[in-house]
Amino acid sequence: MSEQLNIGEAVLVELAIDHDSPVPLHRQVEELFRDLIKRPEFQNGALLPREVDIAKRLGISRNTVRQATNKLVHEGLLDRKKGVGTTVSKFSYTSRLDNWFSFSREMEDKGLQSQDFSLSVLHVPASKEVAQALQIEEGREVVQLERLRGLEDGPFVFFISYFHPRIGITGNEDFSRRLYEIIETEYATVPSLSREEIKAMNCPAALAKKLKIKKGDAVLYRKRIVCDPGDRPIEYNLGYYRADRFAYSIDIRR
C-alpha cells in the first residue's frame, strides 16, 4: 500500500491546469485523470493521488476534483473503494445506452485507444433479416463490414455492419476513420437515431475463437438499426461483446 501511495504522491508534482482557460476546471481535471489512467503503473493497480491532495496541488476545491472523479467512476474507468482509494477499473469497459457514438469515439472519450484486430468488407445479398432491418428487398446487394475490435490488451467485440445501398458506401472507404464520420462527411447522411436490442447469449465456437474465450461463454449480443433524421434506416449493426470485458449503463429518471 505504501508503494502505491508513493506512486500517487510522485505524480502530484506533474499535475497542472490552466486557471485562465475557458475550459471548466472539472473538465480539465477529468482530462488529467484520463491521461493518468493510460500510464502502466496505474493500469497495474497503483492508487491515484488522493482527491484532497490533487485539490491542494491544483488550487481548486475538492468538490471540483470529486466531480471529475465521479464522471470517470460512472463511465466505469475508475474504481473508488472506501478506506482504500481510487484505482483504474480492470477488465471492464462500459458504454452508456444513451450514447451510441462509433466505437472509436466511445473509447477515445474514455481516454482509450481502440484498434482493429481484423477487418473485412464483402458485397453480399441481403438476407431476410437484413432486408427487413434496412427496409429493402431480400437478395439486394449490400456492403457488409466485419471488424474485430478492442484495445492493446486484446479484442473484446466483434461487429458486423450492413449499409443501405441508398447511402452509397462502396467498401473502399478508409475504415480506420470513425464510421459515422465517413457516413456524414463523405455521403451527406446524418446518423440521427439508434434503435437497439440487447440480450445475453452463449458464444458459438467460431465467434469464441475470435474473442479469445471459450465456446459457450457469455456474450452481450446487440442489434442496432441506425436511422437518418427522416427515420430511414442507414445501417444494420450486430455487435458481440465479451461479457467479462464490457457493460452497458443507463440512467432512469422518475
Quiz item: So, in the stretch 201-216, of the ones that are basic (Lys, Arg) and assigned to a helix (DSSP H, G or I), which residue ends up farthest from the chain's Cα centre (by Cα)?
Solution: 209
Quiz item: Looking at 190, 143, 121, which is the one that is in contact with an Asp or Glu (Cβ under 7 Å, 6 or more places away or on another chain), in the same structural domain as residue 217 (by TED's automatic domain parsing) and in contact (Cβ under 8 Å) with a residue 24 or more places away in the chain?
Solution: 190
Self-check item: Residues of the stretch 148-166 classified as at pLDDT 95 or above and not hydrophobic (A, V, I, L, M, F, W, C), total
Solution: 5
Exercise. Could you please give the count of residues in the stretch 130-154 that are more than 16 Å from residue 238 (Cα to Cα) and touching a strand residue (DSSP E or B) at 6+ places or on another chain (Cβ under 6 Å)?
Key: 3
Quiz item: Only one residue in 45, 76 is surrounded by 13 or more Cβ atoms within 10 Å (Cβ to Cβ), outside the structural domain of residue 157 (by TED's automatic domain parsing), touching a strand residue (DSSP E or B) at 6+ places or on another chain (Cβ under 9 Å) and not in a helix (DSSP H, G or I), so which one is that?
Solution: 76
Self-check item: Residue identified as at pLDDT 85 or above, part of a helix (DSSP H, G or I) and among the aliphatic types (A, V, I, L, M) among 11, 23, 29
Solution: 29
Self-check item: Filtered residues of the stretch 193-225 (kept if touching a residue at least 40 places away in the same chain (Cβ under 8 Å) and aliphatic (A, V, I, L, M))
Solution: 198, 200, 207, 211, 225
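The rows are residues; the columns are (1) more than 30 Å from residue 51 (Cα to Cα); (2) buried (at least 17 other Cβ atoms within 10 Å of the Cβ); (3) modelled with pLDDT under 95; (4) not small (Gly, Ala, Ser).
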site: 91; (1), (2), (3), (4): no, no, yes, yes
site: 103; (1), (2), (3), (4): yes, yes, yes, yes
site: 111; (1), (2), (3), (4): no, yes, yes, no
site: 114; (1), (2), (3), (4): no, yes, yes, no
site: 138; (1), (2), (3), (4): yes, no, no, yes
site: 144; (1), (2), (3), (4): yes, yes, no, yes
Practice problem: Under 6 Å between Cβ atoms, at least 6 apart or on separate chains: pull out the pairs that start in the stretch 54-71 with a residue that is within 14 Å of residue 24 (Cα to Cα) and assigned by TED's automatic domain parsing to the domain that holds residue 30 and end on any residue that is of a type in the set (A, V, I, L, M) and part of a helix (DSSP H, G or I). | Solution: 60/25; 64/25; 65/29; 65/54; 65/55; 68/29
Self-check item: Test result for residue 198, part of a strand (DSSP E or B), out of contact with any Ser or Thr (no Cβ under 9 Å at 6 or more places or on another chain) and under 30 Å from residue 73 (Cβ atoms)
Solution: yes
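Quick one: is residue 161 among the hydroxyl-bearing types (Ser, Thr, Tyr) and surrounded by 14 or more Cβ atoms within 10 Å (Cβ to Cβ)?
Here the answer is yes, as residue 161 does meet what is asked.
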Quiz prompt | Hits in the stretch 167-185 - residues which are free of Cβ contacts under 8 Å to residues at least 40 places away in the same chain, β-branched (Val, Ile, Thr) and either closer than 21 Å to residue 135 by Cβ or assigned to a loop (DSSP other than H, G, I, E, B) (or both) | solution = 169, 170
Practice problem: Could you list, in sequence order, all residues of the stretch 179-219 that are in contact with a helix residue (DSSP H, G or I) (Cβ under 7 Å, 6 or more places away or on another chain) and loosely packed, with under 13 Cβ neighbours inside 10 Å? | Solution: 214, 215
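The values are calculated or read from the model by the stated rules, or taken from the named source; none is laboratory data. All of these numbers come straight from a predicted model, not from anything done at the bench. We place every Cβ from the backbone using ideal geometry, glycine too, and count neighbours over all the protein chains shown.
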